[in-house]
1. What list of ³J(HN,Hα) values in whole Hz, one per residue of the range 132-137 in order, does the Karplus curve 6.51 cos²θ - 1.76 cosθ + 1.60 (θ = phi - 60°) give from phi, with Gly and Pro shown as x?
2. Taking R0 as 41 Å, what FRET efficiency do you get between THR65 and LYS96 from their Cβ-Cβ distance, rounded to the nearest 0.05?
3. Return the long-range amide H neighbours of ARG87 (sequence gap of 5 or more, or a different chain), with a cut-off of under 5 Å between placed amide H atoms.
4. Return the carbon/sulfur percentage of the accessible area of the range 62-117, one whole number, probe 1.4 Å, all protein chains in place.
5. For ALA121, what is the net charge nearby, where nearby means another residue's Cβ is under 15 Å from its Cβ and Lys, Arg count +1, Asp, Glu -1?
6. What list of ³J(HN,Hα) couplings, whole Hz, do you get for the range 31-44 from phi and the Karplus terms 6.51, -1.76, 1.60, once you set θ to phi - 60° and write x for glycine and proline?
7. Quick one: ranking VAL129, VAL38, VAL80 by accessible area, 1.4 Å probe, largest first, what do you get?
8. What is the extension gain from ILE137 to ASP46, computed as 0.36 nm multiplied by their sequence separation minus the C-alpha to C-alpha distance, in nm to one decimal?
Amino acid sequence: MLFLFNCGYKDWIEGEILLSENAAINGKDTTSDKRIVVVLRQVIIDGKLIAGEKISEVGVSKLFTVSRTPARLALRALEVEGLIQKRDGRGYSLLKLNFSDLSKAYEVRGVLEGLAAGSLAKSNPSKKVLKVLHTAISDMATAIASSSVAMP
């Protein structure tokens, strides 16, 4: 059995690809590397990988049944996003972050999201866009209400 990660999340990722209704993953107008980035980013955000866990270009290409080029591009994109780091000629690994790193990242994200929201508000968004935003806000409120994570 092929394992992309040391702990073997192959089945989970394949299930996510098959079950996803997200156009960014299944869309025919989206390149392979972008689809891979969407799936791997979600795996990382969902905490399905352990910090420091190895991610190989060959493993990604086999898992997603693509050549090594889109796998390489996807891994580089995730590296630029700061989610993974290059290992000395041995692929990539999930970045180890501490609370201080995360706190700073969320502070920057908050500023950027505020700027984006202001820009959107000035652009007179359509009802469809507003509906998507309301759904996202509702989902966030539900997640916060059901969270058992305590903030310091």
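1. Here the 3J(HN,Hα) series is 4, 5, 4, 5, 4, 5 Hz.
2. Working: r = 30 Å, r/R0 = 0.73.
Efficiency for this residue pair is about 0.85.
3. Answer set, sorted by chain and number: TYR92, SER93.
4. Numbers: 2210 of 3930 Å².
Answer for the range 62-117: carbon and sulfur cover 56 percent of the accessible area.
5. +1
6. Residue by residue, the range 31-44 yields 6, 4, 5, 5, 5, 5, 4, 4, 5, 5, 4, 5, 4, 5 Hz.
7. Working: VAL129 60, VAL38 35, VAL80 130 Å².
From most accessible down to least: VAL80, VAL129, VAL38.
8. Details: separation 91, 0.36 × 91 = 32.76 nm, distance 1.84 nm.
Gain on stretching ILE137 to ASP46: 30.9 nm.
The values are calculated or read from the model by the stated rules, or taken from the named source; none is laboratory data. Predicted model only: the values in this text are computed from it and were never measured. Note that we place each Cβ from the backbone using ideal geometry, even for glycine, and neighbour counts take in every protein chain shown. The accessibility values were calculated without ligands, DNA or RNA, using every heavy atom of the protein model including side chains. Shrake-Rupley method; radii C 1.70, N 1.55, O 1.52, S 1.80 Å.
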